[in-house]
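Novice: Please read through the structure below; I'll follow up with questions.
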Amino acid sequence: MSEAGMVAAILLGGFSVLFLIGVPIAISLGVATVLALMYLGTPTMELVQGAMIASDSFPFLAVPFFILAGQLMETGGLSRRLIGVAAALMGHVTGGLAMVTIMACAFFAAISGSGPATTAAIGSIMIPAMLKRGYTKEFAGAVSSSGGTLGILIPPSIPMVVYGIVGNVSITDMFLAGIIPGFVVAFTFMTTAWLISRKNGFHGTGEPFSVVKFLKALNEAKAALMAPLIILGGIYGGIFTPTEAAVVAVVYGMLCGFFIYRELKLSDVPRMLMETAMITGSVMIIIGFATAFGRLMTMYQIPQMVATWMQGVTNDRFLLLMIINVFLLFVGMFMETVAQIIILTPLFMPMANKLGIDPIQLGIVFVINCELGFLTPPVGVNLFVASNIAKVSIERLSKAVIPFILALFFSVAVISYFPEISLWLPKFLKSLR
Amino acid sequence: MSWWKKIDDNFEEYLVMFLMLVMIVTAFAQVIFRFVIQMSLDWSEELARYAFLWCMFISAGMAVKHRRHIKVEFIMEMLPKKVRFGLEIISDLIWMAFCLLLVKDGIGLLEFVKTQVSPSMEVPFKYIYTSLPVGAALMFLRLLQQMVRRFRGGDAGV
C-alpha cells in the first residue's frame with residue numbers, strides 16, 4: 001500500500017474502531033492522528049500544535065455566545081412571547097397548535113443557533129399545550145423535534161459558524177443563504193403537520209383570526225422580535241462581526257430577561273454559564289483535534305483521492321449532492337452534528353469544487369443533513385429532548401417522526417437541485433452594496 | 001475533609017464561570033468602545049480569545065466529571081453488561097494514556113514558543129499554551145478519580 005493509503009487507513013480505521021468502542025469522538029480523532037504521525041515518524045507534538053492553532057480563533061467565540069444567548073432568551077420569557085405571535089397567526093387552522101409550534105420554532109431559530117435548544121425552548125411550552133388539546137404524545141413530540149431542527153438552518157446557526165471557519169467561507173454569507181431554505185423547510189414541515197392533523201382530526205383553537213389579538217401579541221413580543229433584527233441586521237449591515245453580534249445577543253438577552261420581561265433571576269446565570277462552557281468545551285475539543293486530523297488527510301491528498309474516485313462515479317452536480325445527502329443521512333445517525341461538519345467538510349469540498357458546486361450551497365446541504373441527524377435514532381438529540389418532555393419512548397417517537405424526516409429529505413433534494421434557493425439572497429444583497 | 005469536597009465539586013465550575021464572564025465583558029467592551037466611544041480596542045480580541053482557550057481546556061476536564069464528552073453509546077448499550085464494563089475500562093485507559101501524551105507534548109510545545117509574545121498585549125505565549133497541558137492533566141485526574149471509584153464499587157462519577 002502507498003504511504004498515503006496507509007495514512008488514510010490508520011486515520012479512518014483507527015478513528016472508527018475507537019469511537020465505536022466508546023472512546024469520545026474528540027479523543028478518537030486525537031489518538032488516530034497520533035498513530036498516523038507515529039507511523040510517519042513525525043513528532044506527535046504536531047497534534048497539540050495543530051489543535052492549539054485551530055482553537056485560537058475569534059470567530060469560534062460565537063459558539064458559546066450564541067448558546068448562552070439562546071439559554072437566556074428561553075429562560076427570560078422570550079420564547080413564550082414568540083409563541084403568542086405564532087398562536088395569533090396560525091392557531092385557528094387545522095392542526096393549529098402543531099402549526100404554531102413549527103412557526104414559533106422558526107421565530108426562535110432566528111435568535112438561537114442550536115437544534116436541541118430550540119426544541120427545548122418551544123417544546124417545553126407547546127407539547128403540554130398540544131396534549132391538553134388531545135393531540136397524541138407521539139405527534140406532539142414529533143412536531144416539536146422537527147420544528148426544533150430549524151434552529152440551525154435559520155440564522156444564527158452554530159453549525160454554520162463551524163462550517164464557515166472550517167471551509168473558509170464567509171459566515172455572514174452562510175447565515176444569509178440559510179434564510180430561504182429555512183422557509184422552504186418550515187413550509188414542508190407545516191404541510192406535513194397539516195396533512196397528519198387533518199387525517200387524525202386535530203382541530204384548531206376554534207377562535208377565528210383576529211387582527212386586534214395579533215397586534216396585541218406583536219406588542220407583547222416586540223422586545224423578543226427585536227432580537228433577530230439586532231443580531232442579523234447588525235451582521236448584514238456590516239456593523240459587527242458574527243462573534244460581536246453573538247455577544248450583543250447575550251447582553252440583549254440579559255436586558256430582556258432582567259428588565260423587560262423580568263422572568264430571569266440572577267441566580268439562574270451561573271448554571272447557564274457552566275452549561276454553556278460544558279457544551280462549548282466538549283465541542284471545541286473535537287474541533288481542535290479534528291482540524292489536526294483533517295490537516296493530515298489534506299497533506300496526504302486523501303480528499304483529492306476521494307474526489308477523483310467520485311468523479312468516476314458521477315459528473316452530475318445534483319447526483320453528487322444526492323450521494324452526499326444519503327451518505328450524510330447515514331453518518332448523521334451515529335455522529336454528532338458539529339463533529340460531522342468538521343470531519344467531512346475537508347473531505348467533500350474538493351469534490352464539490354471540481355464539479356463547480358458553490359461551497360455555500362454545499363454548506364446549506366450539510367446543515368440540513370445535520371437537521372436530519374437531529375431526528376434519526378439512535379443519536380437524534382432532538383428526539384431525546386422531545387421524548388423527555390412528552391414522556392414518550394424514543395421508539396414510538398422515532399416512528400411518529402418519519403413523515404417529517406421524509407419532508408426534510410424532500411426539502412434537501414429540492415435545495416440540492418436548485419442552487420439558487422441558497423445562493424440568491426446573498427448574491428442579491430451583495431449586488432445592492 | 002469537607003473543604004476538599006468543596007474544591008472537588010466546584011473547582012472547574014468557578015474557574016469556567018469566571019473565564020466566561022471575562023469573554024463576555026471583553027467582547028462586549030470591544031463593541032461598545034467602537035460605537036459609543038469610537039475608539040477601537042486593540043487588546044480585547046486577544047484577551048477574549050485567550051480566556052476562551054483556557055475556558056475550553058478547563059471545560060474539557062469539567063466535562064469528564066459530568067460525563068458530557070460526546071461519545072457514541074448506542075453500540076455499548078446493546079452489549080452485555082460485563083463486556084460493556086470491560087470496554088469502558090479499555091476506552092478510559094486509552095483516553096488516560098492520550099491525556100498523558102497531551103501533557104508531555106503540551107509541555108514540549110511550551111519550550112517551542114518560549115520566546116514568542118502575543119502581538120498586542122505582549123503576553124508570553126507560554127501562559128496561553130499552558131492551558132492545554134493543564135486541561136489534559138485535569139482530564140487525566142478526573143478519569144483516574146472515576147476509575148478508582150469504579151473499582152471501589154459504587155458510582156463512577158457525578
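The values are calculated or read from the model by the stated rules, or taken from the named source; none is laboratory data. Owing to the predicted nature of the structure, the values given are computational and were not obtained by experimental measurement. Quick reminder, even Gly has a Cβ in these numbers, built from the backbone with ideal geometry, and neighbours come from all protein chains shown. Protein only, heavy atoms only, side chains kept; ligands, DNA and RNA dropped before computing areas. Shrake-Rupley method; radii C 1.70, N 1.55, O 1.52, S 1.80 Å.
Novice: With the solvent-accessible surface defined on protein heavy atoms using a 1.4 Å probe, which residues belonging to the stretch A:14-38 display a reduction of at least 50 Å² in accessible area in the multichain context relative to the isolated chain?
Specialist: Going by heavy-atom accessible area, the residues of the stretch A:14-38 that drop by at least 50 Å² are A:Leu20, A:Ile21, A:Gly22, A:Pro24, A:Ile27.
Novice: Right, something else. Determine by what factor the alpha-carbon radius of gyration of the stretch A:100-140 differs from 2.2 N^0.38 Å, reporting the quotient. Walk me through the numbers before you get to the answer.
Specialist: On the way: Rg = 10.4 Å, N = 41, 2.2 N^0.38 = 9.0 Å.
Rg over 2.2 N^0.38 Å, computed on Cα atoms: 1.16.
Novice: Continuing with the same structure: So what are the ³J(HN,Hα) numbers for the stretch A:370-383, from phi and the Karplus equation (6.51, -1.76, 1.60; θ = phi - 60°), rounded to whole Hz, Gly and Pro as x?
Specialist: Result, ordered by residue: 5, 4, 4, x, 5, 9, 9, x, x, 10, x, 4, 4, 4 Hz.
Novice: So if the hydrodynamic radius of the protein assembly as shown is defined as the Kirkwood radius over C-alpha pairs, what does Stokes-Einstein give as its diffusion coefficient at 10 °C and 1.306 mPa s, in µm² per second? Don't jump to the answer; show the numbers that get you there.
Specialist: Values: Rh = 24.7 Å.
Roughly 64 µm²/s, to the nearest whole number.
Novice: Another one. How well do other chains shield peptide B:94-100, expressed as the mean number of their Cβ atoms within 10 Å of each residue Cβ? All intermediate terms of the calculation are to be shown ahead of the outcome.
Specialist: Working: counts 7, 9, 1, 3, 11, 2, 0.
Mean shielding by partner chains, rounded to a whole number: 5.
Novice: Please state the shape class of the stretch A:221-305: rounded when a/c is under 1.5, otherwise prolate if a/b exceeds b/c and oblate if not, all from the C-alpha gyration tensor. Display every interim value, and only then the final one.
Specialist: Working: a/c = 4.49, a/b = 1.85, b/c = 2.42.
Oblate.
Novice: Estimate for me the total accessible surface buried between chains B and A (protein heavy atoms, probe 1.4 Å, no ligands or nucleic acids), in Å² to the nearest 100.
Specialist: Details: alone 10920 and 18070 Å², together 24060 Å².
Summing both sides, the interface buries roughly 4900 Å².
Novice: If you don't mind, another one. Note down the net charge around A:Ile360, summing +1 for each Lys or Arg and -1 for each Asp or Glu among other residues with Cβ under 13 Å from its Cβ. Don't skip to the end; give the middle numbers.
Specialist: Details: positive: A:Lys427, A:Lys430; negative: A:Asp173, A:Asp358, A:Glu420.
Residues close to A:Ile360 contribute a combined charge of -1.
Novice: Return the sequence-ordered ³J(HN,Hα) values of the stretch A:270-284 in whole Hz as given by the Karplus equation 6.51 cos²θ - 1.76 cosθ + 1.60 applied to θ = phi - 60°, using x for Gly and Pro.
Specialist: Karplus values, whole Hz, x for Gly and Pro: x, 4, 5, 4, 5, 4, 4, 4, 5, 4, 5, x, 6, 7, 5.
Novice: What FRET efficiency would be calculated for the residue pair A:Asp316, B:Val113, taking the C-beta separation as r and a Förster radius of 56 Å, to the nearest 0.05?
Specialist: Numbers: r = 48 Å, r/R0 = 0.86.
Rounded to the nearest 0.05, the efficiency is 0.70.
Novice: Return the Rg/Rh value of the stretch A:291-361, two decimal places, where both radii are evaluated on C-alpha atoms and Rh is the Kirkwood radius.
Specialist: On the way: Rg = 12.0 Å, Rh = 12.6 Å.
Radius of gyration relative to Kirkwood radius: 0.95.
Novice: Taking chain A as the reference, fit the longest principal axis to its C-alpha atoms, fit the long axis of helix A:96-109 to the helix C-alpha atoms, and give the angle between the two in degrees, 0 to 90, nearest 10.
Specialist: Roughly 50 degrees, rounded to the nearest 10.
Novice: Which length gain, in nm to one decimal place, applies between A:Gln301 and A:Lys399 when the Cα-Cα distance is subtracted from 0.36 nm times their residue separation?
Specialist: Values: separation 98, 0.36 × 98 = 35.28 nm, distance 4.12 nm.
Residue separation times 0.36 nm, minus the Cα-Cα distance, leaves 31.2 nm.
Novice: Using only Cα atoms, locate the centre of the stretch A:232-253 and the centre of the stretch A:355-417, then give the distance between them in Å, rounded to an integer.
Specialist: A separation of 28 Å, based on Cα centres.
Novice: Check B:Val117: other-chain or 5+ apart residues with amide H under 5 Å from its amide H, H built from backbone geometry?
Specialist: For B:Val117, whose amide H was placed from the backbone, the distant partners under 5 Å are B:Phe125.
Novice: Another question about this same structure. Ignoring ligands, DNA and RNA, please state the percent of accessible area on chain B from carbon and sulfur, probe 1.4 Å.
Specialist: Numbers: 5690 of 8470 Å².
Summing carbon and sulfur atoms, their accessible area is 67 percent of the total for chain B.
Novice: In addition: Any idea how far the Cα center of the stretch B:75-106 sits from the one of the stretch A:7-54, in Å?
Specialist: When both Cα centres are located, 15 Å separates them.
Novice: Which residues of the stretch B:51-86 end up with at least 50 Å² less accessible area in the presence of all protein chains than when their chain stands alone, using a 1.4 Å probe?
Specialist: Listed by number, the residues meeting the 50 Å² cut-off are B:Phe52, B:Leu53, B:Met56, B:Arg68, B:Ile70, B:Val72, B:Phe74.
Novice: Given the rule -39500 (n - 2.57) for each run of at least 4 DSSP H residues, summed and divided by the residues of the protein assembly as shown, what is its mean residue ellipticity at 222 nm, to the nearest 500 deg cm²/dmol? Display every interim value, and only then the final one.
Specialist: Working: 29 runs with 450 residues, N = 591.
Using -39500 (n - 2.57) per qualifying helix, the result is -25000 deg cm²/dmol.
Novice: May I pose another question? Please name the residues of the stretch B:104-120 whose accessible area, counted over protein heavy atoms with a 1.4 angstrom probe, falls by no less than 30 Å² between the chain alone and the full protein assembly.
Specialist: Going by heavy-atom accessible area, the residues of the stretch B:104-120 that drop by at least 30 Å² are B:Asp105, B:Leu109, B:Phe112.
Novice: Let me ask something else. Helix A:62-75 sits at what angle to the longest principal axis of chain A, using alpha carbons and giving 0 to 90 degrees rounded to 10?
Specialist: Once rounded, the angle reads 20 degrees.
Novice: So, for the stretch A:60-197, what is the accessible surface per residue at a probe of 1.4 Å, expressed in square angstrom?
Specialist: Details: 3130 Å² over 138 residues.
Result: 23 Å² of accessible area for each residue.
Novice: Further question on the same structure: Please go through the residue pairs B:Lys5/B:Lys71; A:Lys399/B:Lys71; B:Lys65/B:Lys104 and name each one whose alpha carbons sit more than 26 Å apart in this structure. Please list the in-between numbers first.
Specialist: Numbers: B:Lys5/B:Lys71 28 Å; A:Lys399/B:Lys71 24 Å; B:Lys65/B:Lys104 22 Å.
Violating the 26 Å limit, Cα to Cα: B:Lys5/B:Lys71.
Novice: For B:Val123, what is the net charge nearby, where nearby means another residue's Cβ is under 14 Å from its Cβ and Lys, Arg count +1, Asp, Glu -1?
Specialist: Values: positive: B:Arg49, B:Lys114, B:Lys126; negative: A:Asp56, B:Asp42, B:Glu45, B:Glu46, B:Glu122.
Every neighbour counted, the sum reads -2.
Novice: Between B:Lys81 and B:Ile7, how high is the FRET efficiency from 1/(1 + (r/R0)^6) when r is the Cβ-Cβ distance and R₀ = 45 Å? Nearest 0.05. Intermediate values should be presented prior to the final figure.
Specialist: Details: r = 34 Å, r/R0 = 0.75.
With R0 = 45 Å, the Cβ-Cβ based efficiency is 0.85.
Novice: Could you give the length gained by full extension between A:Phe384 and A:Lys199, i.e. 0.36 nm per residue of separation minus their alpha carbon distance, to one decimal place?
Specialist: 64.0 nm
Novice: Okay, moving on. Top mean-square fluctuation among B:Ala137, B:Ala29, B:Ala60, Gaussian network model of chain B, C-alpha springs under 10 Å?
Specialist: Comparing B:Ala137, B:Ala29, B:Ala60 in the GNM, the peak value goes to B:Ala29.
Novice: Against the longest principal axis of chain A, how steep is helix A:302-313, in degrees 0 to 90 to the nearest 10, with axes from Cα atoms?
Specialist: 80
Novice: Under 10 Å, Cα contacts only: if you run a Gaussian network model on chain A, which one of A:Ile342, A:Ile27, A:Ile179 comes out with the highest mean-square fluctuation?
Specialist: Comparing A:Ile342, A:Ile27, A:Ile179 in the GNM, the peak value goes to A:Ile27.
Novice: Tell me which trypsin sites (Lys or Arg not before Pro) from the stretch A:224-308 have a DSSP coil assignment and no more than 12 other beta carbons within 10 Å of their own. The partial results should precede the final answer.
Specialist: Numbers: sites: A:Arg262, A:Lys265, A:Arg271, A:Arg295; in loops: A:Arg262, A:Lys265.
Sites meeting the loop and neighbour criteria: A:Arg262, A:Lys265.
Novice: Which semi-axes, in whole Å and largest first, does the equivalent ellipsoid of the stretch A:1-72 have when worked out from the alpha carbon gyration tensor as the square roots of 5 times its eigenvalues?
Specialist: Details: eigenvalues 183, 53, 18 Å².
Square roots of five times the eigenvalues give 30, 16, 9 Å.
Novice: Another question about this same structure. Evaluate the relative contact order of chain B (contact order divided by residue number), counting alpha-carbon pairs under 8 angstrom at least 6 apart; express in whole percent.
Specialist: Values: 145 pairs, mean separation 39.9, N = 158.
The normalised contact order for chain B reaches 25 percent.
Novice: Can you run phi through the Karplus equation (6.51, -1.76, 1.60; θ = phi - 60°) for the stretch A:162-176 and list ³J(HN,Hα) in whole Hz, with x for Gly and Pro?
Specialist: Per-residue couplings from phi come out as 5, 4, x, 6, 5, x, 6, 10, 5, 5, 4, 4, 4, 4, 4 Hz.
Novice: Rank A:Ile154, A:Ile53, A:Ile25 by mean-square fluctuation in a GNM of chain A with C-alpha springs under 10 angstrom and give only the top-ranked residue.
Specialist: Comparing A:Ile154, A:Ile53, A:Ile25 in a Gaussian network model of chain A, the most mobile one is A:Ile53.
Novice: What do you reckon, how do B:Thr115, B:Thr26 stack up by accessible area (1.4 Å probe), largest on top? Before the final figure, lay out each step's value.
Specialist: Details: B:Thr115 120, B:Thr26 10 Å².
In descending accessible area the options line up as B:Thr115, B:Thr26.
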